[in-house]
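Working notes, structure below.
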Amino acid sequence: MKIELVSLRLENFKGASALELHFNGHSAAIYGDNAAGKSTVYDGLTWLLFGKDSLGRKDFDIKPLDPSGQVRDHNAITSVEAVLRADGSNHSLKRTYYEIWAKRRGSSESSFDGHASDFFFDGVPVKKSEFTARVGELVEENAFRLLTSLAYFTEKMPWLERRAVLFDLAGSAPDDQIMAADPRFDPLAAEIGTGILDDLRKKLTARRKALNGVRNDTPARLDECRKTVAELSSIDFAALEQQLEQARSVRDQARAALDAAEAGNGKANVLNRLTETKNLLTHLENENTAFRLQQAAAVPPDESDTIRHRIGRLEANRLDRERRRSYLLAEIQQLEVQINDLRTQWSQANAEQFSGGTCPTCGQTLPTEQLNAAQAKFEAAKASRKQAACDNASRCKAAIDSIQTDLTRLEQDDAREQAETADLSAQLAQLEARPRTVISNLADYDARKADLENQKNALLSELAEIERDASMQQRRLRDDLHNAELNLESIREKLARKDLLERASRRETELRQQAKKAEAELAEVDNLLDLIQEFIRFKTQFLEERVNSKFSIVRFRLFRNLINGGLEDCCDVTVNGVPYSSGLNEGAKVNAGLDIINVLSQYYGVQVPLFVDNAERVTSLIPASTQVIRLVVSAGDKQLRLVLDQ
C-alpha cells in the first residue's frame with residue numbers, strides 16, 4: 001500500500017494556532033527558522049494517527065502555551081486534520097482534544113472536569129476504538145514509525161529487534177541448506193540430523209566436559225591401582241595356603257583337648273547321677289499329689305460358701321425393699337396433702353356467687369342481655385375450676401392406688417424371701433455340724449523325700465568340687481583354642497588380599513582401555529565442535545552477504561570476532577566501512593536511513609510519507625521510493641514556507 005500526505009491542518013496544536021499545508025501527494029521541503037514549528041508538523045501527523053508525538057511519547061504538551069508555560073486558552077479546541085491518499089483513494093482523518101468545564105450545583109463559577117476527544121474518519125464521527133482500527137487498516141503504528149523516521153531503525157530500535165528484522169528481510173536459509181553448500185560440513189549434517197545446531201553444540205560441550213573428566217581422573221586412578229598391584233604382588237600366597245592348613249590343624253587339636261578335659265574328669269557321671277536323683281524326686285512328688293487328689297475326690301462337696309452367698313444376697317434384697325417402702329410411703333403422704341388442697345380449692349370455687357350487674361366504669365346497671373352473658377361466663381369459669389380440682393384429685397387417688405399395689409408386692413416379696421432365708425440358715429447349720437475330712441500324704445513320703453533331697457545336695461557339692469579342680473586346666477586350654485582361632489583368622493585376612501590383587505589388576509586394564517576410548521571420543525567431539533565453529537563463521541558470512549545484498553549503501557555487521565576466536569552476536573550499521581554510531585557524518589546518516597527505508601518499504605509492501613529533519617545537513621539525497629518531506633532550517637523564514645518538488 002502506498003500512502004501519501006495530501007494536506008495537513010493544525011489548529012491550536014503546540015505552537016501552531018492555525019496552520020494548513022497542501023502537499024497533494026508530492027515530496028516537499030518545509031523551510032523555517034528554529035522553533036518556527038517544523039517538528040510540530042511531524043508531531044501533528046503522528047498525534048493524529050496514534051495519539052503520540054514523533055518520538056513515541058504520549059505525555060507531551062499538545063495545547064498552546066503562553067510565555068510563562070501556562071495554557072494560553074482553556075476554551076480552545078486542539079485539532080489536527082489530514083487527507084491521506086491510500087493507493088489512489090483519499091481519506092480524511094481528524095482528531096480533537098479540548099477541556100471540559102462545568103458549573104457545580106451551588107457555584108457560580110465553572111470548574112475543570114477533565115479532557116475529551118472527538119474522532120472523525122472521512123467526515124463521520126467515530127469512537128476512538130473504531131478510529132484506531134481504521135488507521136490500523138491503513139498502516140500499523142510500528143511500521144509507520146519504522147518507515148517514516150530516518151533514525152528509528154538505526155538509533156531507536158533495540159539491536160536484537162533490528163537483527164531479527166534483517167533476518168526476516170533476508171529470508172535466511174535453514175542450517176541444513178547452508179551446510180549443503182560446502183562438502184566439509186557433511187559430517188556435521190549427518191550428526192545433527194533433524195535437530196537444532198545449538199542443541200547439538202550444548203550436547204557436545206557437555207559430552208566433552210565428561211570426557212575431560214575421565215581423561216583427567218584416569219592417571220590418578222591408574223597410579224593407585226599400580227601401587228596396589230606392586231604392594232600385593234610381593235605376598236607369597238602359596239605359603240599362606242600351607243599356613244592356613246597348619247593353623248586349622250592346631251585349632252582342631254586345641255578344641256579336642258578342651259572337649260576331653262571337660263568330659264574326662266568324672267563330671268559327666270556326676271551330672272547323670274544328679275539328673276537321675278532329680279527325676280526320682282519329681283516322681284515321688286507327683287505320686288504324693290495323686291494320692292492327695294484321690295482322697296479329696298472321696299469327700300462330699302462343701303456347699304457352705306454358696307449358701308452363705310445366697311443368704312447375703314437375700315439380706316441385701318431386704319434392705320432395698322425397706323428403702324423402697326419408705327420412699328413410697330412418703331409419696332402417699334405428698335399425694336394426700338395435694339388431695340386436701342384440691343378439696344379446699346373445690347369448696348372455694350363452689351362457694352363463689354355472681355356479683356355483677358353494674359358497669360365497672362360508669363356504675364350503671366348492665367342491660368339484661370349483657371347481664372345474662374356475664375353471669376353465664378362466670379358460671380362456666382366456676383364449673384371449669386371445680387372440674388379441674390376434681391380431675392387433679394382423681395389423678396392423685398389413682399397414683400396412691402398404684403403405690404399401694406407396689407407396697408403389697410413388696411410385702412409379698414419380703415415374706416417369701418424371709419422364708420427362704422430361714423431354710424438356707426438351717427441347711428448351713430447342718431453342714432457346719434458335719435465332721436471334717438483330713439487329707440494326708442503317703443505313709444513314707446516325708447522320709448523318702450528327705451533322703452532324695454540329701455542325695456541331690458551331695459551330688460551338687462561333688463559337682464562343684466570337680467569344676468573347681470578342672471577350672472585352671474580348662475582355662476589354659478580355652479586360651480590355646482582362642483589363640484589358634486586368632487592365628488587362623490589372621491591368615492585368612494592375608495589370603496583375602498589375593499582377590500584384591502586380582503581386582504586391582506583387572507581395574508588397571510579397564511582404566512587403560514577406558515582412557516584410550518575417551519581420548520578417541522574426545523578427539524571426535526573436538527572435531528565436531530571445531531566444525532560447528534567453522535560452520536558458524538561460514539553461516540555468518542553467508543547471512544551477512546544475503547542481508548547486505550538488499551541495500552545500496554548500508555552494510556550490516558551481524559557478528560563480531562572475539563579475542564578467544566569465538567563469535568558474538570551484534571547488529572552494527574556501517575557505510576563504506578564507517579560505523580554509523582561513531583564515525584558517520586550527518587549527511588551520510590540521512591542517506592543511510594533513506595536506503596534502509598527504501599528496502600523496508602519494499603519488504604513490508606507499505607510506503608508512507610518520510611520526514612527528514614534538519615535536511616539542510618544533506619547536499620544530495622539518494623532517490624527515495626516514497627513521498628519525502630524535508631524539514632529545512634532557514635533563518636530567514638520566521639513563518640513556515642512549503643515548497644513542493646517538481
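The values are calculated or read from the model by the stated rules, or taken from the named source; none is laboratory data. Please read all numbers here as calculations on a predicted model, not as lab measurements. Quick reminder, even Gly has a Cβ in these numbers, built from the backbone with ideal geometry, and neighbours come from all protein chains shown. The area values use the complete protein model at the heavy-atom level, side chains included, leaving out ligands, DNA and RNA. Shrake-Rupley method; radii C 1.70, N 1.55, O 1.52, S 1.80 Å.
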Query raised in the report: Can you pull out the trypsin sites (Lys or Arg not before Pro) in region 371-412 that DSSP calls coil and that have at most 13 other Cβ atoms within 10 Å?
Result: none
Query raised in the report: Rounded to the nearest 5, what % of the DSSP beta bridges within the chain are antiparallel ones?
Result: 85 percent
Report summary line: With every protein chain in place, the accessible area of Leu211 for a 1.4 Å probe, in Å² rounded to the nearest 10, comes to 10 Å²
Requested in this report: Please give the calculated 222 nm ellipticity per residue for the chain, where each DSSP H segment of at least 4 residues contributes -39500 (n - 2.57) and the sum is spread over every residue; nearest 500 deg cm²/dmol?
Outcome: -21500 deg cm²/dmol
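Relative to the present Cα-Cα distance, how much length would full extension add between Thr344 and Ala257 at 0.36 nm per residue of separation?
Stretched out fully, the Thr344 to Ala257 stretch lengthens by 19.5 nm.
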Requested in this report: Report, to two decimal places, the Cα Rg of the chain normalised by 2.2 N^0.38 Å (N = number of residues).
Outcome: 2.47
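How far, in nm, would the chain grow between Phe120 and Thr368 when pulled straight, counting 0.36 nm per residue and subtracting the alpha carbon separation?
Between Phe120 and Thr368, full extension yields an extra 79.5 nm.
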Query raised in the report: Where in the chain are the helices, taken as whole DSSP H runs, whose Cα atoms extend 24 angstrom or more along the long axis and whose Kyte-Doolittle mean reaches at least -0.5?
Result: 237-263, 586-604
Report summary line: Using alpha carbon centers only, region 112-128 is separated from region 570-646 by a whole-angstrom value of 34 Å
Query raised in the report: For region 18-131, which whole-number percentage of the solvent-accessible area (1.4 Å probe, protein heavy atoms only) is attributable to carbon and sulfur atoms?
Result: 46 percent
Query - Pairwise centroid distance, computed over Cα atoms, of region 406-457 with region 290-343, Å - result: 23 Å
Query raised in the report: What is the extension gain from Glu586 to Lys377, computed as 0.36 nm multiplied by their sequence separation minus the C-alpha to C-alpha distance, in nm to one decimal?
Result: 63.0 nm
Report summary line: Rounded to whole Å², per residue accessible area for the chain with a 1.4 Å probe reads 60 Å²
Query raised in the report: Just the accessible area for His91, please: 1.4 Å probe, Å², rounded to the nearest 10?
Result: 40 Å²
